[in-house]
Amino acid sequence: MALSCAVALLSLTPPPAAAVDQLLTGRKLLLKDTGRRNRLKLVAVDGALLVPQDRDAPTVAGAMLTIINPLTNEAQSVPLPAEDWRVNRSRTIYRYRNRDARFPNFVKSAVIRNRRMMKLVADSTGISLNESSQGALGFILTFGTVRYCLLFPPTSVARDEPCLFRAKRSVAPIACPGELAQ
């Protein structure tokens with residue numbers, strides 16, 4: 001009897017937490033490399049965006065931004081340490097501020113608002129823009145086991161030339177960009 005109760009309890013225990021992907025729509029993206037001043041600006045507006053909580057919260061886990069070109073597999077990852085994140089009292093808005101913004105952590109600021117939007121600004125593009133065309137660009141922002149995934153495919157690109165990539169209004173991808181390239 002004790003063995004059957006133990007087996008029943010084990011079957012009710014939830015499995016260990018797996019990565020949770022939030023596939024987001026992108027509002028706009030700008031990557032610009034003029035030689036003197038580089039810029040990355042990413043905005044996602046999506047009502048499905050849920051801010052990470054508990055051990056996945058940026059103030060606990062920090063974050064990792066990965067910039068990916070799914071066509072060439074060029075990628076760059078940038079840490080966003082937990083100590084640079086702040087949260088409001090209701091735990092619905094997280095803000096990241098890095099006043100130094102130098103390589104390898106070139107992200108200056110980030111804002112994540114529950115069920116609303118995510119915005120990132122950086123002083124570097126993270127990847128080279130010296131090709132004649134990027135084609136598409138993807139982003140993964142990871143907090144512990146939570147990943148925000150965005151993809152700006154060729155259909156969303158407004159300008160794609162050496163040193164400049166501008167896109168807007170992308171739909172949510174079917175999977176995170178790194179998985180699409182595999």
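The values are calculated or read from the model by the stated rules, or taken from the named source; none is laboratory data. From a predicted model like this one, the values you see are computed outputs, not experimental measurements. Backbone-built Cβ (ideal geometry, glycine too); neighbour counts: all protein chains shown.
The sole residue among 61, 122, 82 that is modelled with pLDDT of 90 or more, of a type outside the set (D, E, K, R) and in contact with a Ser or Thr (Cβ under 6 Å, 6 or more places away or on another chain) is 82. Among the residues of segment 110-165, those identified as under 14 Å from residue 78 (Cβ atoms) and of a type in the set (S, T, N, Q) are 124, 125, 142. Here the condition is being touching a strand residue (DSSP E or B) at 6+ places or on another chain (Cβ under 7 Å) and either surrounded by fewer than 17 Cβ atoms within 10 Å (Cβ to Cβ) or modelled with pLDDT of 95 or more (or both); of 129, 151, it holds for 151 alone. As a summary of the residue check, residue 159 satisfies the conditions (1) part of a loop (DSSP other than H, G, I, E, B); (2) surrounded by fewer than 19 Cβ atoms within 10 Å (Cβ to Cβ) except for the one numbered (1). Tallying residues that are under 15 Å from residue 129 (Cα atoms) and not small (Gly, Ala, Ser) within segment 153-179 yields 9.
Which of the residues belonging to segment 24-40 are in a strand (DSSP E or B) and either of a type in the set (S, T, N, Q) or within 30 Å of residue 50 (Cα to Cα) (or both)? Outline the logic, then answer.
The initial filter retains those residues of segment 24-40 that are in a strand (DSSP E or B), namely 26-33, 38-40.
Those that are in a strand (DSSP E or B) and either of a type in the set (S, T, N, Q) or within 30 Å of residue 50 (Cα to Cα) (or both): 26, 27, 28, 29, 30, 31, 32, 38, 39, 40.
Of all residues in segment 87-138, those satisfying the criterion of being more than 16 Å from the chain's Cα centre (by Cα) and under 20 Å from residue 169 (Cβ atoms) are 133, 134, 135. Cβ-Cβ distances below 7 Å connect the following pairs, each with a first residue in segment 143-154 that is free of Cβ contacts under 8 Å to residues at least 40 places away in the same chain, a second residue that is surrounded by fewer than 19 Cβ atoms within 10 Å (Cβ to Cβ), and a separation of six or more residues or different chains: 154/135.
Just to verify a result, which residue in segment 85-109, among those that are crowded, with 16+ Cβ neighbours inside 10 Å and farther than 27 Å from residue 47 by Cα, is modelled with the lowest pLDDT? Top of the filtered list is 105.
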